[in-house]
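The values are calculated or read from the model by the stated rules, or taken from the named source; none is laboratory data. The structure presented is a predicted model; accordingly, all values stated were derived computationally and were not measured. Here the Cβ is made from the backbone with ideal geometry for all residues, glycine too, and neighbour counts use every protein chain on show. Ligands, DNA and RNA are stripped out before the accessible areas are found, and what is left, the full protein with its side chains, is counted by its heavy atoms. Shrake-Rupley method; radii C 1.70, N 1.55, O 1.52, S 1.80 Å.
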Amino acid sequence: MTVSMLEAASPALDLERIRADFPILDQEVNGHRLVYLDNAASTQKPAAVIETIDRYYRRDNANVHRGVHELSHRATEAYEQARGKVARLLGIGDEAELIWTKGTTEAINLVARTWGEANIRAGDEILLSVLEHHSNLVPWQLLAQRTGARLRFLDLDDQGRLELSRVDDLLTERTKLVSISHISNALGTINPVSHIAEMAHAVGAVMLVDGAQSAPHLPVDVPSLGADFYAFSGHKMCGPTGIGGLWGRRALLEAMPPFHGGGDMIDYVELESSTYAPLPLKFEAGTPHIAGAIGLGAAADYLASVGRDNILAHERHLMAYALERMAEIPDLVLHGPRDPAERSGVVSFTLADVHPHDIATILDGEGIAVRAGHHCCQPLMRRLCVPATARASFYLYTGTDDVDRLVDGLMKARTMFGL
Ligand SMILES: Cc1ncc(COP(=O)(O)O)c(C=O)c1O
């Protein structure tokens, strides 16, 4: 497809209307309209989410589950309704299988500490990949150090795609767990997690999907991915920070020991021992992030009203446009799959030997927010033989005009660095 054909293609979203939903986008940064391209790190929030949180604190704020008074009833109802909204968005039929966590990191740590310590023994193997976020590496390193298990890694091909031909060699009867990201936050690669889950199950292993980047961007129906656990973060899907979730199959969750001990997660407490609450409360000790959960419920409503199919179609169109436009920039190296259908809205790049932090600083001067660094994927950077990359990441409010601004900014960076 040529750039002009792409521009003419009818967008899946009414961009003007969508942008009007996000108050933060209506501002200038360094004298230019803000172009926010750091969505893989955190997304912006629509007014509906901001107003829901504001209303909660103004009218309904109280602790949940324990009170008999009106405000506590209201808070509890809104908090549990939010669980239902997020569950519906993600296709989770049994709401008790959705546990609130602080986000993806805490969800993965929960599985490593509880399922992991109950099931992993010395000599067992855990299969990961070299493109994982530190959140999907370090908890397993800690588990391996505690138990004597061995970590193994799927490698990448030259386009940043998992080398699936090696899975057969790496999966053995010793493999107890496979944990892979659905979408790479650093390269945008969409990994075939359902296929990997099938292969993991064939050797009796349990499969965790790090969904931090897929819940916001793909119309994921979590249980039908075929995995056993799925972790996600609210702040990457239009919701607040400090809230996210873990989905797990009921039988696994019920068999797992609790994560944190404290209020709300108990049934009957004696001085020396306790029995625990049923799911999901067994894993939700202490006063939860009530406003966060309610805000994430509003974000789920918002994403459902826009339609994640539409978001995906919009981002595919944008990615094809961005890959074509950025290929015009001399000295720019694009990392990740070349086929837009194999990647989500993330473009990682380097520009000759200019340090990515310098690129990001020049772009910031133009009002364009991108991220530069290792993106919490230091092993991946070493695998790509780069110290860091610059990364532009898109979402539903990103348009081809934003991509044009990025390309203009990069052209300016070339001139400034004498390229
Ligand atoms: C693929 C992936 N996994 C895990 C995380 C960690 O998410 P959080 O910091 O919200 O826990 C991120 C965040 O960037 C991510 O992109």
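Would you call LEU34 hydrophobic (A, V, I, L, M, F, W, C), more than 16 Å from the ligand (Cβ to nearest atom), more than 27 Å from SER135 (Cα to Cα) and touching a residue at least 12 places away in the same chain (Cβ under 8 Å)? If you could, list the steps in order and put the result at the bottom.
Values: hydrophobic (A, V, I, L, M, F, W, C): yes; more than 16 Å from the ligand (Cβ to nearest atom): yes; more than 27 Å from SER135 (Cα to Cα): yes; touching a residue at least 12 places away in the same chain (Cβ under 8 Å): yes.
Here the answer is yes, as LEU34 does meet what is asked.
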Residues of segment 14-46 being surrounded by 15 or more Cβ atoms within 10 Å (Cβ to Cβ) and either at pLDDT below 95 or in a helix (DSSP H, G or I) (or both), in sequence order, are LEU15, ILE18, ARG19, LEU25
query: On the given criteria, is ALA298 in contact with a strand residue (DSSP E or B) (Cβ under 6 Å, 6 or more places away or on another chain) and either free of Cβ contacts under 8 Å to residues at least 12 places away in the same chain or open to solvent by less than 40 Å² (accessible area, probe 1.4 Å) (or both)?
result: no
Review point. Can you spot a residue in segment 228-242 that is away from the ligand (no atom under 11 Å from the Cβ), open to solvent by less than 10 Å² (accessible area, probe 1.4 Å), within 25 Å of GLU125 (Cβ to Cβ) and at pLDDT 95 or above?
Key: yes
Across segment 184-216, the tally of residues that are touching an Asp or Glu at 6+ places or on another chain (Cβ under 8 Å) and either open to solvent by 10 Å² or more (accessible area, probe 1.4 Å) or of a type in the set (Asp, Glu) (or both) stands at 6
In segment 81-125, anything open to solvent by 30 Å² or more (accessible area, probe 1.4 Å), within 16 Å of the ligand (Cβ to nearest atom), more than 16 Å from MET237 (Cα to Cα) and of a type outside the set (Lys, Arg) is listed as GLU106, ASN109
Pairing a residue in segment 41-52 that is closer than 12 Å to ASP301 by Cα with any residue that is open to solvent by 30 Å² or more (accessible area, probe 1.4 Å) and away from the ligand (no atom under 16 Å from the Cβ), where Cβ atoms lie under 6 Å and the two sit 6 or more apart in sequence or on different chains, gives PRO46/ASP21
When segment 220-231 is checked residue by residue, the ones that are assigned to a loop (DSSP other than H, G, I, E, B) and touching a Gly at 6+ places or on another chain (Cβ under 8 Å) are VAL220, ASP221, ASP228
Within segment 62-80, restricting to residues that are in a loop (DSSP other than H, G, I, E, B) and either of a type in the set (Lys, Arg) or under 11 Å from ILE294 (Cβ atoms) (or both), the one that is most open to solvent (accessible area, probe 1.4 Å) is ARG66
Conditions (1) assigned to a strand (DSSP E or B); (2) under 20 Å from the mean Cα position of the chain (by Cα) -> SER135 fails only (1)
Exactly one of ALA360, ALA372, ALA413 is part of a helix (DSSP H, G or I) and touching a helix residue (DSSP H, G or I) at 6+ places or on another chain (Cβ under 6 Å), and that residue is ALA413
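Results for (1) open to solvent by 40 Å² or more (accessible area, probe 1.4 Å); (2) over 27 Å from ASP210 (Cβ atoms), shown as yes or no for each residue.
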{"position": "VAL370", "(1), (2)": "no, no"}
{"position": "ARG382", "(1), (2)": "yes, no"}
{"position": "ALA390", "(1), (2)": "no, no"}
{"position": "ALA413", "(1), (2)": "no, yes"}
{"position": "MET416", "(1), (2)": "yes, yes"}
Apart from one, (1) out of contact with any Gly (no Cβ under 9 Å at 6 or more places or on another chain); (2) more than 16 Å from the ligand (Cβ to nearest atom) all hold for PHE259; the odd one out is (2)
Filtering segment 126-183 for residues that are within 16 Å of the ligand (Cβ to nearest atom), closer than 17 Å to ALA231 by Cα and crowded, with 20+ Cβ neighbours inside 10 Å leaves a count of 16
